[in-house]
1. Does ASN64 satisfy being at pLDDT below 95, of a type outside the set (Lys, Arg), surrounded by 10 or more Cβ atoms within 10 Å (Cβ to Cβ) and not assigned by TED's automatic domain parsing to the domain that holds LYS130?
2. Of all residues in segment 198-233, which are within 16 Å of the chain's Cα centre (by Cα), over 13 Å from GLY180 (Cβ atoms) and of a type in the set (S, T, N, Q)?
3. I need the full set of residues from segment 67-82 which are surrounded by fewer than 21 Cβ atoms within 10 Å (Cβ to Cβ) and within 13 Å of THR41 (Cα to Cα), in order please.
4. Could you list, ordered by first residue, the pairs with Cβ atoms under 7 Å in which the first is in segment 178-201 and of a type outside the set (Phe, Trp, Tyr) and the second is loosely packed, with under 15 Cβ neighbours inside 10 Å, at least 6 apart or interchain?
5. Check THR206, THR214 and return the single one that is in the same structural domain as ARG134 (by TED's automatic domain parsing), buried (at least 19 other Cβ atoms within 10 Å of the Cβ), of a type in the set (Ser, Thr, Tyr) and more than 16 Å from ARG48 (Cβ to Cβ).
6. Can you find even one residue in segment 201-213 that is within 19 Å of ILE88 (Cβ to Cβ) and either at pLDDT 95 or above or assigned to a loop (DSSP other than H, G, I, E, B) (or both)?
Amino acid sequence: MTDTQTKKNGFGSVKAVLQQANKATLFPLERIHGKIPPLLTGDIIVIRHKKGGLARALLRRLTNSYWDHTALVIFTRSSMHGYASDIIVESIQESWSKSIHHGAEIHRLEKYLLEPDKYDIGIKRFTWLKKPQRRRVRAFVLTNIDTPYYPLVSLKLALGLVSNAFRGWILERQRFSCSGLVQKAFYEAVDWKDRSRVIFRNVGYTPIQLQDITSPGDIAKSVKCKWIYNAHD
(Lines give C-alpha, C1' and ligand atoms only; values in the text may rest on other atoms or scores of the structure.)
Protein backbone atom coordinates (compact mmCIF):
# COMPACT_ATOMS: atom_id res chain seq x y z
CA MET A 1 0.00 0.00 0.00
CA THR A 2 1.38 3.40 -1.00
CA ASP A 3 1.67 6.40 1.32
CA THR A 4 -1.09 8.07 -0.71
CA GLN A 5 -3.43 5.10 -0.20
CA THR A 6 -2.62 5.00 3.52
CA LYS A 7 -3.41 8.69 3.92
CA LYS A 8 -6.58 8.31 1.88
CA ASN A 9 -7.77 5.30 3.87
CA GLY A 10 -6.84 7.00 7.14
CA PHE A 11 -8.80 10.11 6.19
CA GLY A 12 -11.77 7.97 5.22
CA SER A 13 -11.69 6.23 8.60
CA VAL A 14 -11.53 9.51 10.50
CA LYS A 15 -14.39 10.89 8.42
CA ALA A 16 -16.51 7.83 9.13
CA VAL A 17 -15.82 8.11 12.86
CA LEU A 18 -16.76 11.81 12.84
CA GLN A 19 -19.96 11.10 10.92
CA GLN A 20 -20.88 8.41 13.42
CA ALA A 21 -20.13 10.73 16.34
CA ASN A 22 -22.26 13.51 14.82
CA LYS A 23 -25.12 11.10 14.29
CA ALA A 24 -24.91 9.98 17.91
CA THR A 25 -25.44 13.59 19.07
CA LEU A 26 -28.69 13.94 17.15
CA PHE A 27 -32.07 13.57 18.81
CA PRO A 28 -34.12 10.61 17.58
CA LEU A 29 -36.41 12.80 15.45
CA GLU A 30 -33.39 14.51 13.87
CA ARG A 31 -32.17 11.12 12.69
CA ILE A 32 -35.30 10.99 10.56
CA HIS A 33 -35.49 14.55 9.19
CA GLY A 34 -31.94 15.80 9.68
CA LYS A 35 -30.36 18.18 12.16
CA ILE A 36 -32.46 21.16 13.23
CA PRO A 37 -30.81 24.45 12.17
CA PRO A 38 -29.94 27.09 14.79
CA LEU A 39 -33.20 28.60 16.01
CA LEU A 40 -34.25 32.18 16.74
CA THR A 41 -36.62 33.60 19.32
CA GLY A 42 -40.05 33.70 17.69
CA ASP A 43 -39.56 30.64 15.49
CA ILE A 44 -42.80 28.69 15.17
CA ILE A 45 -42.91 24.98 15.97
CA VAL A 46 -45.75 23.07 14.32
CA ILE A 47 -46.44 19.67 15.84
CA ARG A 48 -48.32 16.49 14.93
CA HIS A 49 -49.41 14.14 17.70
CA LYS A 50 -49.18 10.71 16.09
CA LYS A 51 -51.06 9.15 18.99
CA GLY A 52 -53.27 12.10 19.88
CA GLY A 53 -56.57 10.29 19.65
CA LEU A 54 -59.83 11.07 17.89
CA ALA A 55 -60.05 14.77 18.74
CA ARG A 56 -56.69 15.64 17.18
CA ALA A 57 -57.49 13.54 14.13
CA LEU A 58 -60.74 15.48 13.78
CA LEU A 59 -58.90 18.79 14.16
CA ARG A 60 -56.50 17.83 11.36
CA ARG A 61 -59.44 16.84 9.20
CA LEU A 62 -61.39 19.97 10.08
CA THR A 63 -58.45 22.22 9.17
CA ASN A 64 -57.19 20.06 6.29
CA SER A 65 -53.69 19.93 7.75
CA TYR A 66 -50.98 17.47 8.73
CA TRP A 67 -50.42 19.43 11.96
CA ASP A 68 -52.56 19.75 15.09
CA HIS A 69 -50.52 21.88 17.52
CA THR A 70 -48.14 24.85 17.63
CA ALA A 71 -45.54 26.38 19.96
CA LEU A 72 -43.16 29.35 19.98
CA VAL A 73 -39.42 29.41 20.66
CA ILE A 74 -38.68 31.96 23.41
CA PHE A 75 -35.07 31.14 24.35
CA THR A 76 -32.51 29.45 22.12
CA ARG A 77 -29.74 27.08 23.08
CA SER A 78 -26.70 29.10 24.12
CA SER A 79 -23.65 28.05 26.12
CA MET A 80 -22.82 31.74 26.60
CA HIS A 81 -26.14 32.41 28.35
CA GLY A 82 -26.37 29.04 30.06
CA TYR A 83 -29.29 27.64 28.01
CA ALA A 84 -28.64 23.96 27.33
CA SER A 85 -31.92 23.57 25.43
CA ASP A 86 -34.20 25.47 23.09
CA ILE A 87 -37.13 26.64 25.23
CA ILE A 88 -40.69 26.86 23.92
CA VAL A 89 -44.05 28.17 25.10
CA GLU A 90 -47.20 26.29 24.15
CA SER A 91 -50.84 26.44 25.13
CA ILE A 92 -51.86 22.92 26.06
CA GLN A 93 -54.45 20.90 27.91
CA GLU A 94 -53.93 17.76 29.94
CA SER A 95 -56.30 15.69 27.87
CA TRP A 96 -58.87 16.24 25.15
CA SER A 97 -61.22 14.04 27.15
CA LYS A 98 -60.95 16.00 30.42
CA SER A 99 -62.50 19.28 31.42
CA ILE A 100 -59.36 20.16 33.42
CA HIS A 101 -56.94 22.13 31.26
CA HIS A 102 -53.65 23.89 31.74
CA GLY A 103 -52.96 26.79 29.38
CA ALA A 104 -49.74 28.45 28.28
CA GLU A 105 -46.72 26.57 29.64
CA ILE A 106 -42.93 26.56 29.22
CA HIS A 107 -41.12 23.41 28.07
CA ARG A 108 -37.94 22.26 26.39
CA LEU A 109 -38.11 21.50 22.67
CA GLU A 110 -36.59 18.08 23.42
CA LYS A 111 -40.03 17.09 24.65
CA TYR A 112 -40.93 16.56 20.99
CA LEU A 113 -37.55 15.39 19.69
CA LEU A 114 -37.05 12.34 21.90
CA GLU A 115 -40.07 10.30 20.82
CA PRO A 116 -40.55 10.30 17.03
CA ASP A 117 -43.08 7.49 17.38
CA LYS A 118 -45.35 9.97 19.20
CA TYR A 119 -44.54 13.33 17.60
CA ASP A 120 -43.46 15.00 14.39
CA ILE A 121 -42.42 18.64 14.13
CA GLY A 122 -41.78 21.30 11.51
CA ILE A 123 -40.38 24.81 11.97
CA LYS A 124 -41.36 28.11 10.30
CA ARG A 125 -39.91 31.59 10.59
CA PHE A 126 -40.75 35.21 9.80
CA THR A 127 -37.36 35.94 8.27
CA TRP A 128 -37.84 39.72 8.25
CA LEU A 129 -38.39 40.13 11.99
CA LYS A 130 -35.65 42.02 13.82
CA LYS A 131 -34.36 41.27 17.31
CA PRO A 132 -36.55 43.88 19.08
CA GLN A 133 -39.69 42.41 17.49
CA ARG A 134 -38.66 38.88 18.43
CA ARG A 135 -38.14 40.03 22.00
CA ARG A 136 -41.64 41.51 22.03
CA VAL A 137 -43.04 38.17 20.85
CA ARG A 138 -41.31 36.53 23.81
CA ALA A 139 -42.54 39.21 26.21
CA PHE A 140 -46.14 38.70 25.10
CA VAL A 141 -46.20 34.94 25.64
CA LEU A 142 -44.34 35.20 28.94
CA THR A 143 -46.94 37.63 30.28
CA ASN A 144 -49.63 35.11 29.32
CA ILE A 145 -48.17 32.06 31.05
CA ASP A 146 -50.98 30.08 32.74
CA THR A 147 -53.64 31.81 30.63
CA PRO A 148 -56.41 29.16 30.39
CA TYR A 149 -57.00 27.02 27.34
CA TYR A 150 -60.67 26.39 26.58
CA PRO A 151 -60.96 22.97 24.95
CA LEU A 152 -63.70 21.49 22.78
CA VAL A 153 -65.16 18.02 22.91
CA SER A 154 -64.83 15.63 19.97
CA LEU A 155 -68.53 15.86 19.07
CA LYS A 156 -68.32 19.59 18.37
CA LEU A 157 -65.22 19.09 16.25
CA ALA A 158 -67.05 16.35 14.34
CA LEU A 159 -69.96 18.71 13.63
CA GLY A 160 -67.47 21.14 12.16
CA LEU A 161 -66.58 18.60 9.49
CA VAL A 162 -70.09 18.71 8.05
CA SER A 163 -71.08 22.32 8.69
CA ASN A 164 -69.22 25.33 7.31
CA ALA A 165 -71.31 27.64 9.47
CA PHE A 166 -70.47 25.67 12.60
CA ARG A 167 -66.78 25.42 11.70
CA GLY A 168 -65.96 29.08 12.30
CA TRP A 169 -67.80 29.11 15.62
CA ILE A 170 -65.87 26.04 16.76
CA LEU A 171 -62.47 27.59 16.17
CA GLU A 172 -63.52 30.91 17.69
CA ARG A 173 -64.46 29.16 20.92
CA GLN A 174 -60.92 27.89 21.49
CA ARG A 175 -59.74 31.09 23.15
CA PHE A 176 -55.99 31.13 23.64
CA SER A 177 -55.62 27.87 21.83
CA CYS A 178 -52.08 26.94 20.84
CA SER A 179 -52.31 28.65 17.44
CA GLY A 180 -54.35 31.55 18.86
CA LEU A 181 -51.52 32.31 21.27
CA VAL A 182 -48.99 32.27 18.42
CA GLN A 183 -51.13 34.57 16.26
CA LYS A 184 -51.76 37.04 19.08
CA ALA A 185 -48.06 37.15 19.98
CA PHE A 186 -46.99 38.28 16.50
CA TYR A 187 -49.94 40.64 16.07
CA GLU A 188 -49.08 42.44 19.29
CA ALA A 189 -45.30 42.39 18.73
CA VAL A 190 -45.06 44.21 15.40
CA ASP A 191 -45.85 47.82 14.48
CA TRP A 192 -49.39 48.46 13.26
CA LYS A 193 -48.20 48.96 9.66
CA ASP A 194 -46.72 45.42 9.63
CA ARG A 195 -49.66 43.57 11.17
CA SER A 196 -50.99 42.38 7.82
CA ARG A 197 -47.63 40.66 7.29
CA VAL A 198 -48.10 38.41 10.34
CA ILE A 199 -51.76 37.42 9.96
CA PHE A 200 -51.79 33.78 8.91
CA ARG A 201 -55.42 33.61 7.82
CA ASN A 202 -56.62 36.73 6.03
CA VAL A 203 -59.92 36.01 4.33
CA GLY A 204 -63.39 36.88 5.57
CA TYR A 205 -62.72 37.89 9.18
CA THR A 206 -61.70 40.96 11.16
CA PRO A 207 -58.17 41.06 12.64
CA ILE A 208 -59.55 40.40 16.13
CA GLN A 209 -61.56 37.38 14.95
CA LEU A 210 -58.55 36.06 13.06
CA GLN A 211 -56.55 35.93 16.27
CA ASP A 212 -59.08 33.50 17.72
CA ILE A 213 -59.85 31.43 14.64
CA THR A 214 -56.28 30.74 13.47
CA SER A 215 -55.45 27.02 13.37
CA PRO A 216 -52.18 25.06 13.13
CA GLY A 217 -53.14 24.38 9.51
CA ASP A 218 -53.39 28.10 8.76
CA ILE A 219 -49.88 28.64 10.11
CA ALA A 220 -48.49 25.69 8.16
CA LYS A 221 -50.09 26.82 4.88
CA SER A 222 -49.24 30.51 5.23
CA VAL A 223 -46.77 31.86 2.68
CA LYS A 224 -45.98 34.80 4.97
CA CYS A 225 -43.56 32.73 7.03
CA LYS A 226 -40.86 30.45 5.64
CA TRP A 227 -40.30 26.76 6.29
CA ILE A 228 -36.84 26.13 7.73
CA TYR A 229 -37.36 22.49 8.79
CA ASN A 230 -39.54 19.56 7.69
CA ALA A 231 -41.93 21.46 5.41
CA HIS A 232 -45.37 19.85 5.33
CA ASP A 233 -48.74 21.63 5.10
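The values are calculated or read from the model by the stated rules, or taken from the named source; none is laboratory data. These figures come from a predicted structure and were not determined experimentally. Methodologically, a virtual Cβ is constructed for each residue, glycine included, from the backbone with ideal geometry; neighbour enumeration extends over all protein chains shown.
1. no
2. Hits for segment 198-233 are SER222, ASN230.
3. Passing the criteria: PHE75, THR76, ARG77, SER78.
4. ARG195/PRO207; ILE199/PRO207
5. On the way: THR206 fails: buried (at least 19 other Cβ atoms within 10 Å of the Cβ).
The unique qualifying residue is THR214.
6. Kept after step one, since they are within 19 Å of ILE88 (Cβ to Cβ), are these residues of segment 201-213: none.
No, segment 201-213 contains no residue that is within 19 Å of ILE88 (Cβ to Cβ) and either at pLDDT 95 or above or assigned to a loop (DSSP other than H, G, I, E, B) (or both).
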